[in-house]
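A short write-up of the structure that comes next.
The values are calculated or read from the model by the stated rules, or taken from the named source; none is laboratory data. The structure presented is a predicted model; accordingly, all values stated were derived computationally and were not measured. Note that we place each Cβ from the backbone using ideal geometry, even for glycine, and neighbour counts take in every protein chain shown.
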Amino acid sequence: MNMGAILGRLKGVRRSGDGWIVRCPAHGDRNPSLSICERGRKILLYCHAGCSFEAVCAAMGIRVSDLFAAPRDFRNSEPDIVRYAHRQIAGLRSRLTPTERERPTTVVLASLENPDPAIARALALAVEGEIVQVTLKDSRV
């Protein structure tokens, strides 16, 4: 739940410093006594009259967990570029010949005019734990 949704459930909302002060819904509050602010991914509540945050949440009709942002999905915590690189490496690895996969040291020839395919191939081999040597060849000679 976001701060706007929380504040929409309360009365007497006014700005106070970097947060808000409102009338506490958990007790008969005539003067605002509930401080609310946002820190990081959570909404903090404090009733200066002594109400617990659980009582405040219950009076607002929300769960305590609604004060916290949704947990991050750690399965997709890698940046898109890293996931893309892993897919590209897997594709390159699948095209290697059995001979290239069995050599204790793999030599990859790279042309000076276009070394990128050879470097990508060498990287795919190195990621799989193989020892790779990249050799540049000059096609002009």
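Can you find even one residue in the range 37-50 that is among the small types (Gly, Ala, Ser) and modelled with pLDDT under 90?
Restricting attention to the range 37-50, the residues satisfying the condition of being among the small types (Gly, Ala, Ser) are 40, 49-50.
After this cut, where a residue has to be modelled with pLDDT under 90 as well, the list is 40.
Checked the range 37-50: at least one residue is among the small types (Gly, Ala, Ser) and modelled with pLDDT under 90.
For every residue, the table says whether it meets (1) of a type outside the set (Phe, Trp, Tyr); (2) crowded, with 16+ Cβ neighbours inside 10 Å; (3) without any contact (Cβ under 8 Å) to a residue 40 or more places away in the chain.
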residue	(1), (2), (3)
Met1	yes, yes, no
Ile6	yes, yes, no
Val13	yes, yes, yes
Asp18	yes, no, yes
Ile21	yes, yes, yes
Leu34	yes, yes, yes
Arg41	yes, no, yes
Leu45	yes, yes, yes
His48	yes, no, yes
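Among the residues of the range 20-60, which ones are within 30 Å of the chain's Cα centre (by Cα) and under 13 Å from Ile6 (Cβ atoms)?
Within the range 20-60, the subset within 30 Å of the chain's Cα centre (by Cα) is 20, 35-46, 53-54, 57.
Scanning the range 20-60 gives Trp20, Ser35, Ile36, Cys37, Glu38, Lys42, Ile43, Leu44, Leu45, Phe53, Cys57.
For the range 11-55, please list each of the strands (runs of 3 or more DSSP E) lying entirely inside it that holds at least 3 residues being in contact with a Lys or Arg (Cβ under 6 Å, 6 or more places away or on another chain) and β-branched (Val, Ile, Thr).
Working: elements: 11-16, 19-23, 34-39, 42-47.
Of the strands (runs of 3 or more DSSP E) lying wholly inside the range 11-55, none has at least 3 residues that are in contact with a Lys or Arg (Cβ under 6 Å, 6 or more places away or on another chain) and β-branched (Val, Ile, Thr).
Out of the residues in the range 108-133 meeting the condition of being among the aliphatic types (A, V, I, L, M), at pLDDT 80 or above and in a strand (DSSP E or B), tell me which one is surrounded by the fewest Cβ atoms within 10 Å (Cβ to Cβ). Show your work before the answer.
Filtering the range 108-133 down to residues among the aliphatic types (A, V, I, L, M) leaves 108-110, 112, 118-120, 122-127, 131-132.
Filter once more, so that each one left must be at pLDDT 80 or above: 108-110, 112, 118-120, 122-127.
Then drop every residue that is not in a strand (DSSP E or B), which leaves 108-110.
Working: Val108: 20, Leu109: 13, Ala110: 18.
Only one residue fits best here, namely Leu109.
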